[in-house]
Each structure stands twice: as C-alpha cells, then as structure tokens.
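First up is the structure itself, then whatever we jot down about it.
The numbers here are math on the coordinates, done by the rules we state, and not lab data. The model shown is predicted, which means the values in this text are computed figures rather than measured ones. All Cβ positions, glycine included, derive from the backbone under ideal geometry; neighbour counts span all protein chains shown.
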Amino acid sequence: MDYSNYENKMPYPNKGDYIRFFIYRKGTTFLHNGTFDDLREEYRNVIGTPIPNSSHTIKSDLEKRGYVVEQVLDTELYNTKMIEYNLEATRVHTDFEHDLAVEYGVEDNPKRGLLFSRAWGIGHASGLEEVEIHYADLVDLIK
C-alpha cells in the first residue's frame with residue numbers, strides 16, 4: 001500500500017498569511033488591505049532599507065514616524081482555507097479507511113468501522129504503516 005496517497009498535501013493555513021495591513025497618516029491612507037509584502041514595500045518607500053522581516057518591527061518604526069498601522073486578520077478567508085484543509089484531511093483519512101477494508105476483504109462487514117477505529121487508536125501515532133499492521137492483526141476478529 002502506498003501511504004503517500006493518504007497524506008494531506010495541502011499546506012496547513014498559517015494565520016500570518018491572512019493578516020492584512022492598513023497604514024494611515026494625517027487622514028491619508030498609504031496602504032489599504034495590503035499583504036505583508038505590501039507592508040514591506042511601503043516601509044521601503046517611507047524609511048528605506050534595510051527592511052526588517054518582522055511586521056512588529058516595521059509597525060513600530062512606522063509608528064515612531066507618526067503613522068498608524070493596523071493589522072487585521074481576514075477571518076473569512078482564513079476560515080475558508082481551514083475548512084478546505086480539514087475537508088482534504090477527512091477525505092484522505094476516509095480513503096485510507098476504505099482502502100484498508102477493501103485490501104483485507106471486509107468492505108461489506110458492518111464492524112469494519114470498529115476495526116479501523118481500534119487499529120487507528122493503537123497505531124496512528126506511529127504512522128499509517130503501523131495502523132495497517134494493527135488492522136491486519138485484528139481483522140480476523142470480524143471475519
């Protein structure tokens with residue numbers, strides 16, 4: 001069994017990737033709904049180089065010069081990406097469970113879910129191969 005088929009290949013959503021920046025000064029908007037890269041570019045325009053890699057440092061430097069910097073998490077987009085990630089994780093988990101049942105000839109057995117649950121509980125901390133080993137050890141109990 002190729003266990004790489006059952007890995008969630010989607011990157012886990014990092015909240016930092018969904019933070020948007022707003023920069024204001026004396027009633028003028030310098031940056032509206034910008035990404036971290038946009039924030040760095042605005043920093044370059046205001047202060048020059050070198051550009052820090054930390055949004056906190058950039059924010060602090062700009063605020064010392066009279067700018068107001070807001071950081072806002074785009075919760076709608078972040079939550080959407082989390083849902084997509086979790087749906088993919090569920091899909092690969094379900095595929096693994098189904099493929100094990102087919103591999104061991106118990107796909108029509110009403111107790112296959114209990115078998116998988118037990119094998120998963122014992123072995124998942126050590127990886128999918130370990131789950132299959134326990135599945136194979138326990139499958140005769142429901143045949």
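Computed quantities for the displayed model
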read-out: Segment Y3-N86, length gained on full extension (0.36 nm per residue, minus Cα span); value: 28.0 nm
read-out: Trypsin sites (Lys or Arg not before Pro) within region 1-76: DSSP coil, no more than 16 neighbouring Cβ in 10 Å; value: K9, K26, R65
read-out: Per-residue Cβ neighbour rank within 10 angstrom, fewest leading, L138, L114; value: L114, L138
read-out: Förster radius 22 Å - calculated FRET efficiency between T28 and S60 (Cβ-Cβ, nearest 0.05); value: 0.60
read-out: Gaussian network model of the chain, springs between alpha carbon atoms under 10 Å - residue of N109, N33, N86 with greatest fluctuation; value: N109
read-out: Region 15-74 shape via C-alpha gyration tensor axes, a/c threshold 1.5; value: oblate
read-out: Correct choice for percent of Cα pairs over 18 Å apart that was computed from the model, options (i) 57; (ii) 77; (iii) 67; value: (iii)
read-out: Calculated FRET efficiency for the pair L138/H93, C-beta based, R₀ 25 Å, to 0.05; value: 0.85
read-out: Share of pairwise Cα separations in region 77-141, more than 14 Å, in percent; value: 59
read-out: Charge context of L141, other residues only, Cβ under 10 angstrom, K/R +1, D/E -1; value: +1
read-out: The chain: relative contact order as a whole-number percent, Cα under 8 Å and 6+ apart; value: 24
